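Sharing a structure here in structure tokens format.
The values are calculated or read from the model by the stated rules, or taken from the named source; none is laboratory data. Predicted model, so just to flag it, every value in this text is computed and none were measured. All Cβ positions, even for glycine, are placed from backbone atoms using ideal geometry, and neighbour counts span all protein chains on display. Surface accessibility is based on the protein's heavy atoms, side chains included, excluding ligands, DNA and RNA. Shrake-Rupley method; radii C 1.70, N 1.55, O 1.52, S 1.80 Å.
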Amino acid sequence: MKFKNSNFVKLATYIVLVAGLGASAFASCGDSLSAMAAAAAAGQSHPTQPSIPSSQHNSDNKSMVGLWSIQFTIDGNPIQDAYQLWNAGGTEVHNPNVDPRAGNVCLGVWKRAGHGTYKLAHRVWNYDTNGNFLGTINLSETVILGTGGDSHSGSFTLDFYDPSGNFLTELAGSVTGQRISVE
């Protein structure tokens, strides 16, 4: 896997940060976002979930509201699969494919940003397995709804902050989604 120099430096910084803090794992929703970063740093592909069929160009699917099967990638390499539920009230539930014992449900908010474009934000408290506060992680997505409303694609960033709110590093990549519909 090839990294651009700036991406490699960011990933290396994150690895050193995690090792320096002595945290072997993270708890709660922060665990899934940290796992994304660790997979990217290690150049590992995350096992993908099976393809889920969706209805073909259903005219009711012209918004983000609904259940989605999504995949995060960095430089074309899959690092996490998840289900996302975009609710009509502007809230979102994110259920990544990680060990549920560490916490695998995240909450977010979203808004429409223009014709077919949507922005999503998660703000996550980040703790190690001993309960020590490590700071926060911000997941942001900007996606564009595909023709027919059954797919979306766009970009994401993971921003890591220390306990004082100081920015540490950022990882960026692509996100794609397929709507899950009742057959």
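In region 81-103, which residue that is in contact with an Asp or Glu (Cβ under 9 Å, 6 or more places away or on another chain) and open to solvent by 10 Å² or more (accessible area, probe 1.4 Å) is nearest to residue 148 (Cα to Cα)?
85
Shifting gears a bit: Modelled with pLDDT under 95 and part of a loop (DSSP other than H, G, I, E, B): does that describe residue 126?
no
Hey, another quick one. Do the conditions hold for residue 131, that is, is it more than 20 Å from residue 62 (Cα to Cα) and at pLDDT 95 or above? Before you say what the answer is, go through the steps one by one.
Values: more than 20 Å from residue 62 (Cα to Cα): yes; at pLDDT 95 or above: no.
So residue 131 does not fit the description; no.
Continuing with this model, one more query. If you go through region 104-124 one residue at a time, do you hit one that is of a type outside the set (Ser, Thr, Tyr), on the phi > 0 side of the Ramachandran plot and open to solvent by 20 Å² or more (accessible area, probe 1.4 Å)?
yes
Further question on the same structure: Consider residue 175 against the criteria (1) open to solvent by less than 40 Å² (accessible area, probe 1.4 Å); (2) over 24 Å from residue 63 (Cβ atoms); (3) in a strand (DSSP E or B): it satisfies all of them except one. Which criterion is unmet?
Of everything listed in (1) open to solvent by less than 40 Å² (accessible area, probe 1.4 Å); (2) over 24 Å from residue 63 (Cβ atoms); (3) in a strand (DSSP E or B), residue 175 misses just condition (2).
In region 154-171, how many are surrounded by 15 or more Cβ atoms within 10 Å (Cβ to Cβ) and closer than 22 Å to residue 77 by Cβ?
Here the count works out to 8.
Considering only region 136-150, I want to know if a residue exists there that is out of contact with any Gly (no Cβ under 6 Å at 6 or more places or on another chain), open to solvent by 70 Å² or more (accessible area, probe 1.4 Å) and in a strand (DSSP E or B).
no
On to the next question. What residue, of 88, 102, is free of Cβ contacts under 8 Å to residues at least 60 places away in the same chain and over 13 Å from the mean Cα position of the chain (by Cα)?
88
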